């Protein structure tokens with residue numbers, strides 16, 4: 001369906017692609033992976049023609065339609081969420097709004113002199129609209145919006161009042177509603193909660209459209225795609241299988257490359273020893289010269305490129321007491337909307353609570369109250385006397401000084417820390433070499449998240465309150481964070497939509513779905529994986 005042939009592309013001095021090729025077949029579901037800055041988003045733009053390749057070509061059949069969800073979203077507003085979704089979904093959306101405009105013209109007596117022309121155009125648009133399934137458009141749009149977490153009140157409200165994350169959901173809905181032949185999806189799970197992720201997972205598996213997507217959710221990738229394309233040092237390397245299969249194949253290939261490199265290095269070293277020993281020896285000088293020529297002719301293998309991220313071995317936090325946090329008879333409302341009414345909850349030493357709940361259930365509100373960022377309306381929140389609390393929220397990214405470099409921010413926060421210790425933790429969070437000299441103003445969302453987490457764990461608290469700590473982190477960074485926190489000796493309370501994070505860390509589950517109805521939360525006193533088995537699904541109300 002889409003063929004990319006021998007493309008080359010440079011950004012400044014960086015070569016993103018060098019004679020790279022790939023193919024996307026009809027209905028195929030393919031994941032696009034690679035480190036940050038490798039060129040994944042650029043490849044999408046090359047396919048759509050927004051940023052043509054320097055060399056090579058992209059072949060797309062004439063009638064093929066492409067829907068592209070990107071991380072940059074234009075300003076929307078002045079229309080309802082439903083109308084904004086329909087307006088941006090491609091040809092059928094444009095016809096929908098033209099049809100509505102023509103219906104107004106037909107009812108306008110002042111248009112009597114052009115009524116024949118209006119009627120003719122109305123018939124043409126109506127016929128095409130019907131052929132494209134337009135009369136089911138509103139119902140389909142609502143189904144998609146519901147799947148992405150919108151309720152009926154939000155769907156009817158002005159889209160301009162939505163937060164940035166919710167506007168991105170409108171962007172996803174537009175692309176899905178367009179029923180395109182090809183979907184290019186750039187990090188679609190970034191702004192979704194786990195319920196919406198599970199819905200989107202099923203939608204993309206079942207859609208007739210071909211899908212090419214980037215995604216930092218390994219579980220999502222494994223369940224949707226049947227092939228992976230890895231952007232690897234300017235090439236597009238294809239693996240037939242899911243993300244886990246690609247990792248196994250890459251590990252095997254790296255082992256073979258390592259072995260071949262070591263064999264060649266050993267051979268060259270042996271020949272060089274002979275040359276060094278007998279280069280001036282009369283009887284063996286000719287042999288030495290012959291071996292020197294052989295060495296010159298050997299095509300040297302490059303050492304395998306390794307991207308190894310190891311857990312950070314942080315210093316032990318001060319030991320926390322048995323009682324970490326205690327909430328008694330806590331109530332909280334936003335206007336007329338009640339979130340908690342008489343909530344009782346305790347966090348004890350060694351517990352790692354995953355807070356679950358349907359969209360809008362109050363997960364972030366609970367974390368804010370525990371962290372002291374929000375006062376309850378009634379009741380009490382008490383933190384233990386030996387508790388040193390660390391709170392990660394997306395707003396924490398805004399507290400970084402954009403004028404400072406990464407290293408300057410670290411030095412400002414920890415002026416007495418040694419140069420080596422700062423370099424060590426920044427390296428663990430993938431700020432190595434010149435990366436530490438980057439200004440915070442130019443960091444991506446993922447880089448800012450990594451920096452905030454590094455600052456938090458350098459002088460670790462004994463109670464971590466984490467609200468979506470893996471947002472914007474790539475798969476490798478997430479795994480490093482899980483491996484690091486697995487050895488954390490304090491208590492944790494967190495919200496996450498990443499199932500790798502949930503499975504790797506949670507030893508308790510708190511489901512707050514029914515708290516708005518005045519009920520106490522459902523407490524499961526075991527790991528997330530066991531809760532999934534008992535619950536029959538990976539999120540409250542979403543069953544396998």
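The values are calculated or read from the model by the stated rules, or taken from the named source; none is laboratory data. A quick note: this is a predicted structure, and the numbers were derived from the prediction, not measured. A quick note on method: Cβ atoms are made from the backbone with ideal geometry, for glycine too, and the neighbour counts reach across all protein chains shown.
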Would you mind finding the one in 381, 406, 370 that is under 28 Å from the mean Cα position of the chain (by Cα), surrounded by 17 or more Cβ atoms within 10 Å (Cβ to Cβ) and modelled with pLDDT of 95 or more? 370
Given the criteria closer than 30 Å to residue 453 by Cβ, modelled with pLDDT of 90 or more, surrounded by fewer than 15 Cβ atoms within 10 Å (Cβ to Cβ) and touching a helix residue (DSSP H, G or I) at 6+ places or on another chain (Cβ under 9 Å), does residue 244 qualify? yes
Which residues, counting only those in the stretch 28-38, are part of a loop (DSSP other than H, G, I, E, B), modelled with pLDDT under 95 and either in contact with a helix residue (DSSP H, G or I) (Cβ under 8 Å, 6 or more places away or on another chain) or within 22 Å of residue 242 (Cβ to Cβ) (or both)? 34, 35, 36, 38
Pull up the stretch 1-14, narrow it to residues that are surrounded by fewer than 19 Cβ atoms within 10 Å (Cβ to Cβ) and closer than 12 Å to residue 55 by Cα, then point me to the one that is modelled with the lowest pLDDT. 10
State all residues of the stretch 210-238 that are in a strand (DSSP E or B) and touching a helix residue (DSSP H, G or I) at 6+ places or on another chain (Cβ under 7 Å); if no residue qualifies, say none. 211, 214, 228, 230, 231
For residue 364, are the conditions met, namely being surrounded by fewer than 20 Cβ atoms within 10 Å (Cβ to Cβ), part of a strand (DSSP E or B) and either in contact with a strand residue (DSSP E or B) (Cβ under 8 Å, 6 or more places away or on another chain) or at pLDDT below 90 (or both)? no
Out of all the residues in the stretch 422-437, is one or more in contact with a strand residue (DSSP E or B) (Cβ under 8 Å, 6 or more places away or on another chain), surrounded by 14 or more Cβ atoms within 10 Å (Cβ to Cβ) and farther than 30 Å from residue 370 by Cβ? yes
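The rows are residues; the columns are (1) in contact with a helix residue (DSSP H, G or I) (Cβ under 7 Å, 6 or more places away or on another chain); (2) loosely packed, with under 14 Cβ neighbours inside 10 Å; (3) part of a strand (DSSP E or B).
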position	(1), (2), (3)
313	no, yes, no
316	no, yes, no
319	no, yes, no
326	no, no, yes
331	no, no, yes
339	yes, no, yes
343	yes, no, yes
347	no, no, yes
353	no, no, yes
Output yes when any residue across the stretch 336-347 is within 17 Å of residue 488 (Cβ to Cβ) and at pLDDT 90 or above, and no when none is. yes
With the condition kept exactly as written, say whether any residue in the stretch 161-170 is out of contact with any strand residue (DSSP E or B) (no Cβ under 7 Å at 6 or more places or on another chain), more than 24 Å from residue 24 (Cα to Cα), part of a helix (DSSP H, G or I) and free of Cβ contacts under 8 Å to residues at least 12 places away in the same chain. no
Is there a residue being in contact with a helix residue (DSSP H, G or I) (Cβ under 7 Å, 6 or more places away or on another chain) and surrounded by fewer than 18 Cβ atoms within 10 Å (Cβ to Cβ) anywhere in the stretch 527-540? yes
Quick check on the stretch 523-538. Is at least one of its residues in a loop (DSSP other than H, G, I, E, B), under 21 Å from residue 346 (Cα atoms) and over 25 Å from the mean Cα position of the chain (by Cα)? yes
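Residue by residue, here is whether (1) under 32 Å from the mean Cα position of the chain (by Cα); (2) exposed (fewer than 11 other Cβ atoms within 10 Å of the Cβ); (3) part of a loop (DSSP other than H, G, I, E, B); (4) modelled with pLDDT of 85 or more holds:
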position	(1), (2), (3), (4)
249	yes, no, no, yes
252	yes, yes, no, yes
255	yes, no, no, yes
263	no, no, no, yes
292	no, no, no, yes
296	no, yes, no, yes
303	yes, no, yes, no
Filtering the stretch 232-261 down to residues that are in contact with a strand residue (DSSP E or B) (Cβ under 7 Å, 6 or more places away or on another chain) and under 20 Å from residue 303 (Cβ atoms) yields 234, 235, 237, 249
